[in-house]
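Asker: Submitted below is the structure of interest, expressed as structure tokens.
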Amino acid sequence: MASTSVGSNDLTTNRRQTKRPKYSKFTQQELPACKPILTPQAVISAFLIVTIVFIPIGVASLIASRDVVEIVDRYEAACVPSNWTDNVAYIQSTADKTCTRTLHVEKRMKSPIYVYYQLDNFYQNHRRYVKSRNDEQLRDAGKANSTSGCDPERDVNGVPIVPCGLIAWSMFNDTYSFSRNNNNVTVNKKEISWKSDRDHKFGSDVFPKNFQNGNITGGAHLNESIPLSEQEDLIVWMRTAALPTFRKLYGKIEVDLEKGDEIKVVLQNNYNTYSFSGKKKLVLSTTSWLGGKNDFLGIAYLSVGGLSFFLAMAFTIVYFVKPRQLGDPSYLSWNRNPSGH
Amino acid sequence: MIPRHLEWLGMSHLITALILYGYLIPISLYVSIEVVKVLQATFINQDILMYDEETGTPADARTSNLNEELGQVDTILSDKTGTLTCNQMDFLKCSIAGTQYGASSSEVELAAAKQIASDLEDGDSDLSNFPLRHRKAQVSWENIDKVDEIELETVVTSKGDEDQKHAIKGFGFEDDRLMNCNWLQEPNVDDILLFFRILAVCHTAIPELNEETGGFTYEAESPDEGSFLVAAREFGFEFCRRTQSSIFTRERISASGQVVEREYKLLNLLDFTSKRKRMSVIVRDEEGQIFLLCKGADSIIFDRLSKNGKAYLEATTKHLNDYGETGLRTLALSYRRLEEKEYSDWNNEFQKAKAAVGADREAMLERVSDIMEKELILVGATAIEDKLQKGVPQCIDKLAQAGLKIWVLTGDKMETAINIGFSCSLLRQGMKQICITTNSDSVSNDTKQAIKDNILNQITNATQMIKLEKDPHAAFALIIDGKTLTYALEDDVKLQFLGLAVDCASVICCRVSPKQKALVVRLVKQGTGKTTLAIGDGANDVGMIQEADIGVGISGVEGMQAVMASDFSIAQFRFLERLLVVHGHWCYKRIAQMICYFFYKNIAFGLTIFYFEAYTGFSGQSVYDDWYMILFNVCLTSLPVISLGVFEQDVSSEVCLQFPALYQQGPKNLFFDWYRILGWMANGLYSSVVIFFGTVLIFYEQAFRVDGQTSDLASLGTTMFTCIIWAVNCQISLTMSHFTWIQHLFIWGSIVTWYLFLMMYGALSPNLSHSAYHLLIEALGPAPIYWATTLLATVACILPYLVHISFQRCFSPMDHHIIQEIKHYKKDIEDQSMWVRESSKARQETKIGFTARVEAKIRQLKGKLHKKQSFLNILSPVRT
């Protein structure tokens, strides 16, 4: 206390007190703290908990993934007639692009069965590609002129393109129709896009305009009488994929497919992936609670769970073989290394 | 962007890449470190235990960028006056006529006795070899040190009223035998009387009447002289007036307290010079007797004693040695009775010499004085304490135990410096003092080169001597004066000099100029490559404060120059202990951990961006939304790391002080070596691989939502980012060992903030949120795979680190781990003796400081015991 300064007047006392640091647990770094330490028990239990949590999750996800039935058919090579040697020339020609494929159902597939197209070596995530769109234009009928960022597909002779940009321009345009035993299997193309995209990002009063009228035709054409919010193929395509190999939802088959069924697919092989040696695949897949078929998650969970079980065992053995009493002062450096003292 | 502007395209691509990969070089690290250091400095300023009540000054971190270096100091270079000492002399003890007066302050002996006693109780291993050790040890203890014990007791009793002790400035004497005229009952009354008169008369001071109190204060040439006069006044011999030819004292000789004024006619004054090391006055008292009263350095006086003046020589010498060891400044007092004839003869000579004009006047005067100052009779000796600042010896002791080397650089003369060395326990009896000096007489004759060769020779010899020393307990002290230092600091000698100095336990440089102080600091800093700290209070220390890695100014009485030049200012030297051992230790570890973690965090994050580039044809597209990247270092991971840097404590401040050895983690740089930095970087690399490839493989191509939609750029990026936020925040919680509510709030709050941000961002209009619109609530939140990925990646990321620290704790626990465990299980309370024992062991090997001195004393006593023991063993058959 500054009051110890004997005989000093109040002024100096006050002055001194103002400089005196205020005491609080915070400023003196004495806040109550929890100081957990890694005891062997804690470490082993942590590993065991990881094991106990991870192994069931791993098993469950593996089962879920195995339950998913998936048919993958790669068709881009087979769908080029053998008399065409130059694939690119074929795809750019006006020749008939119809192609028929047969899919074998190896296992019963419960509806809904999702139909995907899968492209390979297609860099939808390239920076200039990703940027080449204009969200305002897609959403707002009044902003058809805002085409900034849409280079090089902004306008044709000064008239803006709706939807502008490379993404829309390069939209996938192969079509599939399915039949089983000559009975047509309908593909439901509704609600294949994200709901928020349909409702909020693509305007219900925005119609395609001046689309694919440029010198170079990209992919699909759009029906100019249907608003963008209902052009679900476009909406799906506009959600750019993260990786150069990607699947996109084409539609849903809402009947079960039985084991041994033969599905005949008549497809229009329109989309040019030949110029960049991209593969095209048609995928039919069911889903589980975890999504599509992917064993990796389950395997990873099982490996981490197994590893931590192994670690738990290893640490247990170590602690039994070479126990160290916690807080044993003989492990302090000055006790361990008497020569250093 | 139009591809035909290729140059422009290239540039923009380069800039894109720079921005993206900028996360690998953590620029935010600098910002965070600045914030952390400022907060650390605030804590230093706020530390109430470094606030000086007397002057009302708190500690002040004047710069915040050296905090962590406080924890890595290797050598402290300290000024003496004003830093270690108060520049105040206290008359503490005296030896009159072979009798010692004044309470013994040999705290070393007291502590040694205490420790030996406790060792004996514990059954110390060194002595347990002897049969009947206990009883005999006690017996012999009594035999050997009976006298000491009595002295020790007086210390114990006088310790209690320490407040009274310093009531009178310059007078710390405590012995009722001499006070209040009690000395009249002492055996050698005449000698005592003479002793007091010498104190009161033999000086050059001028009294000043203090009008308020009516007492006298003295304007003396040196503080020693002032304290003599104060002492004389307290003894009842008050010097009250000086005229041209006379000195007047008021003497209280009778027990009744009657005061008599006496006049001493001052006949001659033989001045003090550093060469003569003595001063004398020749006075005629009221009875007409002529006396020569002489005080001076003991060695000088002892050489000039007459045959019958050596009666007390032996006892006085012993006392002087004791005083010297405790660091007291000693002077011997003597007198000579002169016959009228003898005096007048000499006075003629003296006047002649005085009147002489020419170059040899000085020499003549000296020669004449020399004739007179002979045949002296020894009366006694005084011991003056150059008063240390509060807590200095304890602080030096702790700092030495923390493994710090302490050099004293002072402008004072060698004797004073050595005294202070003793009182600070930087020197002790039995320490080999290596004095490097130039032979001052021959300076003018010898060439510079010859002097240098001579010094180099001395240095080489001393180094050889240290090399050849076999005794592990042998300690060396290097004492060097300024003039010699001029040569020793020259380029071709300085490395040898430094080598010798580093080998010595303590180094004292005296009579050094401010410039030399700075040069010595530079030599230590550059020569050893270790962190140096200079501490001083005056303008003459500014150079060394600026030169050292860390400059500490004492914000005391000697003006502000040192403080203005310093990096840290404290009010008292003793606060240095807390500044270094507590704040330094903490700050070092905090900053080290923080930087390592920062590298980890940014590598983990930055590399995922880089990997993704490989999947986008290096086009510069980022997998994350721009806002995620901005927020990553700004608020999603910065607060936890700042809380690590500001609040982390491996052990509490009390433990830091109790276990000074923990400080060595800093100078040894255990927490910021390449092994650690690379380890953390590897950890970051691992985390980035796990998170990126894990997420990519999980979200590869298949549907991630139950209703069939596949993932897109936004959902993949957001999942990845969620994993990173979880992983780095869980990682930091494993790194910390001290969680207050602040850390909890920051760490878990950061994770919660991320989800809140994602929700709010997703709730904005799609114009603003683009692809993140409704991402969490619509797509990711309901998808179990999103949460499963987060859990998997987080656990997989922290698993190796958890294994590492568990393994390290299990097999090679560090000191602070053990102490944390002891504290956690409250073993320090259950087994207090263990705790005390460990904390007394927890220090670096040191040969300086009070504790080392006590140990040396114990070794000495044990040696004595040993001899006594063998002696008793020989005798014992006869006895039985």
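The values are calculated or read from the model by the stated rules, or taken from the named source; none is laboratory data. No experiment lies behind these values; they were computed from the predicted model shown. Cβ atoms come from the backbone with ideal geometry, glycine included; neighbour counts cover every protein chain shown.
Asker: Among the residues that make up region B:700-712, is at least one of them assigned to a helix (DSSP H, G or I) and surrounded by fewer than 24 Cβ atoms within 10 Å (Cβ to Cβ)?
Answerer: Step one: list which residues in region B:700-712 are assigned to a helix (DSSP H, G or I), which gives none.
No, because not a single residue in region B:700-712 is assigned to a helix (DSSP H, G or I) and surrounded by fewer than 24 Cβ atoms within 10 Å (Cβ to Cβ).
Asker: Touching a residue at least 40 places away in the same chain (Cβ under 8 Å), within 27 Å of A:Asn181 (Cβ to Cβ) and away from chain B (no Cβ under 14 Å): is that true of A:Leu249 in this structure?
Answerer: Working: touching a residue at least 40 places away in the same chain (Cβ under 8 Å): yes; within 27 Å of A:Asn181 (Cβ to Cβ): yes; away from chain B (no Cβ under 14 Å): no.
For A:Leu249, the condition - touching a residue at least 40 places away in the same chain (Cβ under 8 Å), within 27 Å of A:Asn181 (Cβ to Cβ) and away from chain B (no Cβ under 14 Å) - is not met.
Asker: Could you please let me know if B:Phe237 is modelled with pLDDT of 85 or more, out of contact with any Gly (no Cβ under 7 Å at 6 or more places or on another chain) and more than 19 Å from B:Thr330 (Cα to Cα)? Can you show your working first?
Answerer: Details: modelled with pLDDT of 85 or more: yes; out of contact with any Gly (no Cβ under 7 Å at 6 or more places or on another chain): yes; more than 19 Å from B:Thr330 (Cα to Cα): yes.
For B:Phe237, the condition - modelled with pLDDT of 85 or more, out of contact with any Gly (no Cβ under 7 Å at 6 or more places or on another chain) and more than 19 Å from B:Thr330 (Cα to Cα) - is met.
Asker: With more than 8 Å from every other protein chain (Cβ to nearest Cβ), touching a helix residue (DSSP H, G or I) at 6+ places or on another chain (Cβ under 9 Å) and surrounded by fewer than 19 Cβ atoms within 10 Å (Cβ to Cβ) as the only criterion, which of B:Gln808, B:Gln832 stands out?
Answerer: Of the residues listed, the single one that is more than 8 Å from every other protein chain (Cβ to nearest Cβ), touching a helix residue (DSSP H, G or I) at 6+ places or on another chain (Cβ under 9 Å) and surrounded by fewer than 19 Cβ atoms within 10 Å (Cβ to Cβ) is B:Gln808.
Asker: Go through (1) more than 7 Å from chain A (Cβ to nearest Cβ); (2) under 50 Å from the mean Cα position of the chain (by Cα); (3) of a type outside the set (S, T, N, Q) one by one and return the number of the condition B:Leu775 breaks.
Answerer: Evaluating B:Leu775 over (1) more than 7 Å from chain A (Cβ to nearest Cβ); (2) under 50 Å from the mean Cα position of the chain (by Cα); (3) of a type outside the set (S, T, N, Q) leaves (2) as the failure.
Asker: In this structure, does B:Ala450 turn out to be of a type in the set (A, V, I, L, M), part of a loop (DSSP other than H, G, I, E, B) and either closer than 23 Å to B:Ile418 by Cβ or modelled with pLDDT under 85 (or both)?
Answerer: Numbers: of a type in the set (A, V, I, L, M): yes; part of a loop (DSSP other than H, G, I, E, B): no; either closer than 23 Å to B:Ile418 by Cβ or modelled with pLDDT under 85 (or both): yes.
In short, no.
Asker: Considering only residues of region A:261-276 that are buried (at least 16 other Cβ atoms within 10 Å of the Cβ) and aromatic (Phe, Trp, Tyr), which is nearest to A:Asp174 (Cα to Cα)?
Answerer: Of everything passing the filter in region A:261-276, A:Tyr271 is nearest to A:Asp174 (Cα to Cα).
Asker: Same structure again: Considering (1) among the small types (Gly, Ala, Ser); (2) outside any loop (DSSP other than H, G, I, E, B); (3) in contact (Cβ under 8 Å) with a residue 12 or more places away in the chain; (4) within 11 Å of chain B (Cβ to nearest Cβ), say which one A:Ser196 fails and leave the rest.
Answerer: (3)
Asker: Select from region B:634-677 the residues that are more than 12 Å from chain A (Cβ to nearest Cβ) and in a loop (DSSP other than H, G, I, E, B) and write down the one among them that is farthest from B:Arg843 (Cα to Cα). Give the steps one after another, and end with the answer.
Answerer: Let us first name the residues in region B:634-677 that are more than 12 Å from chain A (Cβ to nearest Cβ), namely B:634-642, B:644-645, B:657-658, B:663, B:666-667, B:669, B:671-677.
Cutting the leftovers down to in a loop (DSSP other than H, G, I, E, B) gives us B:637, B:666-667, B:669, B:671-673.
On the way: B:Thr637: 38, B:Gly666: 14, B:Pro667: 14, B:Asn669: 17, B:Phe671: 19, B:Phe672: 22, B:Asp673: 23 Å.
Ranking the candidates gives B:Thr637 first.
Asker: May I ask you to say which residue of A:Leu297, A:Leu290, A:Leu302 is buried (at least 17 other Cβ atoms within 10 Å of the Cβ), more than 7 Å from chain B (Cβ to nearest Cβ) and within 30 Å of B:Ala779 (Cα to Cα)?
Answerer: On the way: A:Leu297 fails: more than 7 Å from chain B (Cβ to nearest Cβ); A:Leu290 fails: more than 7 Å from chain B (Cβ to nearest Cβ).
That would be A:Leu302, the only listed residue that is buried (at least 17 other Cβ atoms within 10 Å of the Cβ), more than 7 Å from chain B (Cβ to nearest Cβ) and within 30 Å of B:Ala779 (Cα to Cα).
Quick grid of which residues meet (1) among the small types (Gly, Ala, Ser); (2) surrounded by 18 or more Cβ atoms within 10 Å (Cβ to Cβ); (3) within 30 Å of B:Tyr801 (Cβ to Cβ); (4) over 30 Å from the mean Cα position of the chain (by Cα):
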| site | (1), (2), (3), (4) |
| --- | --- |
| A:Ser45 | yes, no, yes, yes |
| A:Leu48 | no, no, yes, yes |
| A:Glu70 | no, yes, no, no |
| A:Arg108 | no, no, no, no |
| A:Ile113 | no, yes, no, no |
| A:Gln124 | no, yes, no, no |
| A:Val130 | no, yes, no, no |
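Asker: Let me ask something additional. Among B:Thr789, B:Thr753, B:Thr794, which is the only one that is facing another protein chain (nearest Cβ under 9 Å), in contact (Cβ under 8 Å) with a residue 60 or more places away in the chain, of a type outside the set (Asp, Glu) and in a helix (DSSP H, G or I)?
Answerer: Details: B:Thr753 fails: facing another protein chain (nearest Cβ under 9 Å); B:Thr794 fails: facing another protein chain (nearest Cβ under 9 Å).
Exactly one residue qualifies, and that residue is B:Thr789.
Asker: Something else now. Across region A:108-146, what is the number of residues that are more than 23 Å from B:Thr16 (Cα to Cα), in contact with a strand residue (DSSP E or B) (Cβ under 9 Å, 6 or more places away or on another chain) and not hydrophobic (A, V, I, L, M, F, W, C)?
Answerer: Qualifying residue count, region A:108-146: 12.
A quick yes/no check of all residues on (1) more than 31 Å from the chain's Cα centre (by Cα); (2) of a type in the set (Val, Ile, Thr):
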| position | (1), (2) |
| --- | --- |
| B:Ser619 | yes, no |
| B:Tyr624 | yes, no |
| B:Ile630 | yes, yes |
| B:Pro640 | yes, no |
| B:Leu644 | no, no |
| B:Val651 | no, yes |
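Asker: Something else about it: Of the residues A:Gly278, A:Gly251, which is over 30 Å from B:Ala763 (Cβ atoms), in a loop (DSSP other than H, G, I, E, B) and out of contact with any Ser or Thr (no Cβ under 6 Å at 6 or more places or on another chain)?
Answerer: A:Gly278
Asker: Can you pull out the residues in region A:305-328 that are outside any helix (DSSP H, G or I) and either more than 7 Å from chain B (Cβ to nearest Cβ) or surrounded by fewer than 17 Cβ atoms within 10 Å (Cβ to Cβ) (or both)? Outline the logic, then answer.
Answerer: Taking region A:305-328 first, the residues outside any helix (DSSP H, G or I) are A:322-328.
Answer for region A:305-328, where residues must be outside any helix (DSSP H, G or I) and either more than 7 Å from chain B (Cβ to nearest Cβ) or surrounded by fewer than 17 Cβ atoms within 10 Å (Cβ to Cβ) (or both): A:Lys322, A:Pro323, A:Gln325, A:Asp328.
Asker: Looking only at region B:713-739, which residues are surrounded by fewer than 22 Cβ atoms within 10 Å (Cβ to Cβ) and hydroxyl-bearing (Ser, Thr, Tyr)?
Answerer: Answer for region B:713-739, where residues must be surrounded by fewer than 22 Cβ atoms within 10 Å (Cβ to Cβ) and hydroxyl-bearing (Ser, Thr, Tyr): B:Ser733, B:Thr735, B:Ser737.
Asker: Take A:Glu76 and tell me if it is touching a strand residue (DSSP E or B) at 6+ places or on another chain (Cβ under 8 Å), of a type in the set (D, E, K, R), assigned to a loop (DSSP other than H, G, I, E, B) and over 23 Å from A:Lys189 (Cα atoms).
Answerer: Numbers: touching a strand residue (DSSP E or B) at 6+ places or on another chain (Cβ under 8 Å): yes; of a type in the set (D, E, K, R): yes; assigned to a loop (DSSP other than H, G, I, E, B): yes; over 23 Å from A:Lys189 (Cα atoms): no.
Here the answer is no, as A:Glu76 does not meet what is asked.
Asker: Here is a further query. Restricting attention to region B:42-65, report how many residues are within 10 Å of chain A (Cβ to nearest Cβ), assigned to a loop (DSSP other than H, G, I, E, B) and under 20 Å from the mean Cα position of the chain (by Cα).
Answerer: Within region B:42-65, residues that are within 10 Å of chain A (Cβ to nearest Cβ), assigned to a loop (DSSP other than H, G, I, E, B) and under 20 Å from the mean Cα position of the chain (by Cα) number 4.
Asker: Examine region B:324-338 for a residue that is closer than 25 Å to B:Arg197 by Cβ and part of a helix (DSSP H, G or I), and state whether such a residue exists. Steps first, please.
Answerer: At the first step, the residues of region B:324-338 found to be closer than 25 Å to B:Arg197 by Cβ are B:328-338.
Those still in the list that are part of a helix (DSSP H, G or I) too: none.
Looking through region B:324-338, none of the residues is closer than 25 Å to B:Arg197 by Cβ and part of a helix (DSSP H, G or I).
Asker: When region B:66-89 is examined, which residues are found to be surrounded by fewer than 24 Cβ atoms within 10 Å (Cβ to Cβ), part of a strand (DSSP E or B) and modelled with pLDDT under 85?
Answerer: Answer for region B:66-89, where residues must be surrounded by fewer than 24 Cβ atoms within 10 Å (Cβ to Cβ), part of a strand (DSSP E or B) and modelled with pLDDT under 85: B:Thr81, B:Cys86, B:Asn87, B:Gln88.
Asker: Against the definition (of a type in the set (S, T, N, Q), out of contact with any strand residue (DSSP E or B) (no Cβ under 7 Å at 6 or more places or on another chain) and part of a helix (DSSP H, G or I)), how does B:Gln429 come out, yes or no? Walk me through how you get there before you give the answer.
Answerer: Numbers: of a type in the set (S, T, N, Q): yes; out of contact with any strand residue (DSSP E or B) (no Cβ under 7 Å at 6 or more places or on another chain): yes; part of a helix (DSSP H, G or I): no.
When the stated conditions are applied, B:Gln429 does not pass them.
Asker: Any idea which of (1) surrounded by fewer than 14 Cβ atoms within 10 Å (Cβ to Cβ); (2) at positive phi is the one A:Gly149 doesn't satisfy?
Answerer: It fails just one condition, (1).
Asker: Another question, then. So how many residues does region A:130-165 have that are within 21 Å of A:Phe202 (Cα to Cα) and either in a loop (DSSP other than H, G, I, E, B) or within 8 Å of chain B (Cβ to nearest Cβ) (or both)?
Answerer: So the count comes out to 22.
Asker: Next question. In this structure, does B:Trp627 turn out to be free of Cβ contacts under 8 Å to residues at least 40 places away in the same chain and either over 30 Å from B:Ala402 (Cα atoms) or surrounded by fewer than 20 Cβ atoms within 10 Å (Cβ to Cβ) (or both)? It would help to see each step written out before you state the result.
Answerer: On the way: free of Cβ contacts under 8 Å to residues at least 40 places away in the same chain: no; either over 30 Å from B:Ala402 (Cα atoms) or surrounded by fewer than 20 Cβ atoms within 10 Å (Cβ to Cβ) (or both): yes.
Here the answer is no, as B:Trp627 does not meet what is asked.
Asker: Which of the residues spanning region B:525-541 are under 18 Å from the mean Cα position of the chain (by Cα), surrounded by fewer than 24 Cβ atoms within 10 Å (Cβ to Cβ) and part of a helix (DSSP H, G or I)?
Answerer: B:Lys525
Asker: Another question about this same structure. In region A:5-40, what count of residues is obtained for those that are part of a helix (DSSP H, G or I) and either over 30 Å from A:Val304 (Cα atoms) or at pLDDT 90 or above (or both)? Even if it seems obvious, please write down each step before you answer.
Answerer: Here is the first cut: in region A:5-40, the residues part of a helix (DSSP H, G or I) are A:10-19, A:40.
Now narrow it down to the ones that are either over 30 Å from A:Val304 (Cα atoms) or at pLDDT 90 or above (or both): A:10-19.
Total meeting the criteria: 10.
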